[in-house]
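Read the figures in this text as sums done on the coordinates, not as results from a lab. Everything numeric in this text was worked out from a predicted model, so none of it was measured. Counting neighbours? That spans all protein chains shown, and the Cβs are built from the backbone with ideal geometry, glycine included.
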Amino acid sequence: MQTIQSPTTVPIEARRHFVHWTPVIAGALVAAALSLVLVAFGTSLGLSVASTAPTWRDTSRTLIAISGLYLLLAAIVSFGFGGYIAGRLRSSWDSALHREFVEFRDGAHGLVAWALAVVISALVAAVIAASATSRALPSATTPTANTGEALIAYDLDRLFRSEGREQGNLAYSRAEASRILLAATSRTGMKPDDRDYLTRLVAKQTGIAQPDANRRVDEAIEAASLAVKRARQSAVILGFSIAVSLLAGAAAAWYAASLGGEHRDQAAPPLRWNLSRT
């Protein structure tokens, strides 16, 4: 006797485009705007995971940890809210579609909104950074313009400090000294001829004795090495904090979009953002 097997039930696919860009763009704009506001608010309170200011060298590890946690919380809140908007505003799927498919599609909309928000935030940050750099740096037509001088500006002040002696234009000497000091922070260290030249330059510009100039050069080399070390550490901390916060934001956007989809499909959708899932 031949057994007749029942056909396998196949989920009904909604005959619509898989990605609906209107809720995705809306969620991305909300997430990017809220993220910008929260980051700006935290920065105004001093909760920044990195800074170019010399005082950042003395920042405690507790403040660094609090700043990183705040950045993580800001990413979860902003991207989570944007993902919820993307899922809640999305039109309902076909009622015959399996619940797991609905959750995946809503979550995918939240993830796409997260990705678009990251791109928008990166573009805004790049524009702000370029604008701040163009205002802070000297004119490109100035032959003594040196981007590395800003890192050790105070140390250069101490290096060429002079009392009771009228000094001329130190712009080129400072720029040249900064390049020599930054080169000294490499693995090979400062070359003997560069050290002798810098010592003579300091003695000539300040009018101090050769031993005092040699001592100032030693202090400047140590300060420059510390500044470069702290700058590298800040870059690592900043990169790690941003990566972790973005990954957490992606997870929050996926979950929140699925949650928004559940609230959207309820017979009586809640008027408030309820974090609980049925």
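Before moving on, here are some points about what is shown:
- Loop-resident GluC sites (Glu not before Pro) (DSSP state other than H, G, I, E or B) in region 152-219 with no more than 10 further Cβ atoms inside 10 Å of their Cβ: Glu163, Glu166.
- Förster radius 30 Å - calculated FRET efficiency between Asp218 and Leu63 (Cβ-Cβ, nearest 0.05): 0.45
- Förster radius 45 Å - calculated FRET efficiency between Ala209 and Leu29 (Cβ-Cβ, nearest 0.05): 0.10
- For region 33-47, backbone phi angles converted through the Karplus equation (6.51, -1.76, 1.60; θ = phi - 60°) give residue-by-residue couplings of 5, 5, 5, 4, 5, 5, 5, 5, 5, x, 5, 5, 8, x, 8 Hz, Gly and Pro being listed as x.
- In this rough spin-label picture, where each label sits 7 Å from Cα along the Cβ direction, the Ala235-Ser91 distance is 4.9 nm.
- For peptides 228-241, 198-211, 67-80, 28-41, sequence by mean Cβ density within 10 Å, most packed first: 67-80, 28-41, 198-211, 228-241
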